[in-house]
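The values are calculated or read from the model by the stated rules, or taken from the named source; none is laboratory data. In this text, all values refer to a predicted model and were calculated from it rather than measured experimentally. All Cβ positions, even for glycine, are placed from backbone atoms using ideal geometry, and neighbour counts span all protein chains on display.
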Amino acid sequence: MGEAPKGAALREVREETGLTGFTVVRTLGEVEYDISPLRFVICRRHVFQLALHGWAPDRWASQEDHDGEREPTRFERFWIPLDATRIRGVRSPAMADLLVSGGDGQGSASKIAYVRNLVQADMAVTPAVRIGRAGGSGPGGMGSVRGMPEDTFRSVEIERTSVGKYVVRNVRGGSMSMGTGEDGSFTPVELLLAAIGGCTAVDVDHITSRRAEPTQFSVEVTGDKIRDETGGNRMQNLRVEFTVTFPAGADGDKAREALPRSLQQSHDRLCTVSRTVELGTPVSIVEAAGPDGD
């Protein structure tokens, strides 16, 4: 309480990035924004342009410790061109536009620090900017950019271990077995059901557990595998059923009140998996080129 906005911005960016060489270049303004579903309130944010002095990596990990009150939140941080901020969902695109305009006596800002929360399904922007001229290749320069923002890309790799048995690996080193249902391994359809339910479970848990720790939290996902009129296989009658209870008391009441809203918000806009299924996103299946490009 009583902390000046400029000092708070410097403290927050140092704590959350793990980097220390920041100074305030200028005040960009104030914005009001809705932070639901985290909390159902309207907040006012003071926005500053910060300069980072000295060397910094292009990509690095950091964490927020929450003063030891709960498990740390892990982040992956990296720099992006300012002209990609609108695509990435910056909460205040107008403020990002001010950065591009320059006017700070140090050249136009070309990159902004971006953060992906590795625990929560949520994205945010740190109020930190590298100062440099567009097109440079060193720190603060634009560098190369793929046609799509780097943060949109997701991938897994699947490797065959024997007939009908596979290992699925992600880029963080995690792995799990997958099969045809002849043993305890998950089948692809079961993984689809788990992804649908798990995606919404993460959203709902994140929202409600801020109010009270659940006494029970379980999800059952069901559906029917059919062969449709075209002769193709697909799932129908997909249903995600939550059984969630909270302790008695004021905090439990707040969590119970938030539960229906969190379920609806996850279905309508937060859960990537169920929205992808419902919107019917096309799937491309291709054969990789051989060693000689054949």
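Determine which member of the set Thr215, Thr222, Thr200 is β-branched (Val, Ile, Thr), closer than 19 Å to Ser266 by Cα, touching a strand residue (DSSP E or B) at 6+ places or on another chain (Cβ under 8 Å) and surrounded by fewer than 16 Cβ atoms within 10 Å (Cβ to Cβ). Walk me through it before giving the result.
Working: Thr215 fails: closer than 19 Å to Ser266 by Cα; Thr200 fails: surrounded by fewer than 16 Cβ atoms within 10 Å (Cβ to Cβ).
Result: Thr222 is the single residue among Thr215, Thr222, Thr200 that is β-branched (Val, Ile, Thr), closer than 19 Å to Ser266 by Cα, touching a strand residue (DSSP E or B) at 6+ places or on another chain (Cβ under 8 Å) and surrounded by fewer than 16 Cβ atoms within 10 Å (Cβ to Cβ).
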- Which of the residues spanning segment 1-25 are in a strand (DSSP E or B) and among the hydrophobic types (A, V, I, L, M, F, W, C)? Phe22, Val24, Val25
- Task: Need at least 3 residues that are at pLDDT below 90 and not assigned by TED's automatic domain parsing to the domain that holds Leu259 per element, so show me which strands (runs of 3 or more DSSP E) inside segment 118-231 make the cut, counting only ones lying wholly within it.
- Result: 123-131
- Query: Does Arg275 satisfy the condition of being under 18 Å from the mean Cα position of the chain (by Cα) and basic (Lys, Arg)?
  - Reply: yes
- Message: Cβ-Cβ under 7 Å, sequence separation 6+ or interchain: first residue in segment 225-253 and under 23 Å from Val202 (Cβ atoms), partner small (Gly, Ala, Ser) and not in a loop (DSSP other than H, G, I, E, B). Which pairs?
- Response: Met235/Gly223; Leu238/Gly223; Arg239/Gly223; Val240/Gly197; Thr243/Ser218; Phe246/Gly252; Phe246/Ala255
- Note on the structure: When restricted to Ser266, Ser185, Ser262, the only residue surrounded by 10 or more Cβ atoms within 10 Å (Cβ to Cβ), in contact (Cβ under 8 Å) with a residue 60 or more places away in the chain and under 26 Å from Ser155 (Cα atoms) is Ser266
- Query: Is one or more of the residues making up segment 253-274 in contact with a helix residue (DSSP H, G or I) (Cβ under 7 Å, 6 or more places away or on another chain) and part of a strand (DSSP E or B)?
  - Reply: no
- Task: Residue by residue through segment 1-10, note down the ones that are modelled with pLDDT of 85 or more and either over 14 Å from Val47 (Cα atoms) or among the charged types (D, E, K, R) (or both).
- Result: Lys6
